[in-house]
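Beneath this line is the structure, given in structure tokens, with notes to follow.
The values are calculated or read from the model by the stated rules, or taken from the named source; none is laboratory data. Just so it is clear, the structure is predicted and the values come from calculations on it, not from any experiment. As a convention, Cβ positions derive from the backbone with ideal geometry for all residues, glycine included, and neighbour counts pool all protein chains shown.
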Amino acid sequence: MTEGIIQINEQQAVREQTAAIVLNWAAGRQPPFTGETAEGFAEAITVAHLVADEGRISLHRWIDAARRTGLSWTDIGNALGISKQAAQQRFKSAEMGDELASGEGEEIVRLGATAFNEMSILREEGGKGNELVRTGALALVFRPTTHLWEYRRKIGKASITAEMKRAGWIYVSSWMPFHYFKRSVPAE
């Protein structure tokens, strides 16, 4: 078996955990959804659709994260059991365009940002007084300001945002699996 690809028993465990999301919803709602009558099936379909939709979003984010670490389209295609070309067509993020352009004054777009080099790019740009405003596929977008900035990148659930805000950090964006935060550096 190819190293790095999850085995059949691991795949089955993930499938069971995913299916359990809807089953847990069904058991936890009041009254519990049993499937014995037609009542509640529309809600069950909605919940299953939400799970599937979140799965699609998550897949795109993990692929974007993998690309940012240098994983090739061939490797991604192999992991999905499709060709390199099919993986590119299905998952290639929008190129620098509407996704990153806001039209709000001067912006500095740093291309080639990967999970391995983006923290040094953030330190460099923050030291120049450039404030991070958005993240994108292999890109960081800044706007010039009159003060210095520091940045943090965290991996974790959405609850990390509240924790960081309590510590004085401002949420910028998320780019799976990372959450990006900024704060102005006090003048010396």
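Here are some notes:
- For region 145-165, the set of residues classified as out of contact with any strand residue (DSSP E or B) (no Cβ under 8 Å at 6 or more places or on another chain) and either modelled with pLDDT of 90 or more or among the aromatic types (F, W, Y) (or both) consists of T146 only.
- Subset of region 163-188 [under 18 Å from the mean Cα position of the chain (by Cα) and under 17 Å from E125 (Cβ atoms)]: I170, V172, S173, W175, F178, Y180, F181, K182
- Residues that are touching a residue at least 60 places away in the same chain (Cβ under 8 Å) and within 19 Å of G112 (Cβ to Cβ) within region 62-78 comprise D64, A65, R67, R68, listed in sequence order.
- Test: T74 is among the β-branched types (V, I, T), modelled with pLDDT of 85 or more and assigned to a loop (DSSP other than H, G, I, E, B): no
- Condition met for I57 (within 17 Å of the chain's Cα centre (by Cα), at pLDDT 85 or above, under 25 Å from A139 (Cα atoms) and assigned to a helix (DSSP H, G or I)): no
- If you go through region 123-151 and keep only what is surrounded by fewer than 16 Cβ atoms within 10 Å (Cβ to Cβ) and among the charged types (D, E, K, R), you end up with R123, E124, K128, E150.
- Region 100-122 - residue that is exposed (fewer than 14 other Cβ atoms within 10 Å of the Cβ) and farther than 16 Å from A65 by Cβ and, of those, modelled with the highest pLDDT: S120
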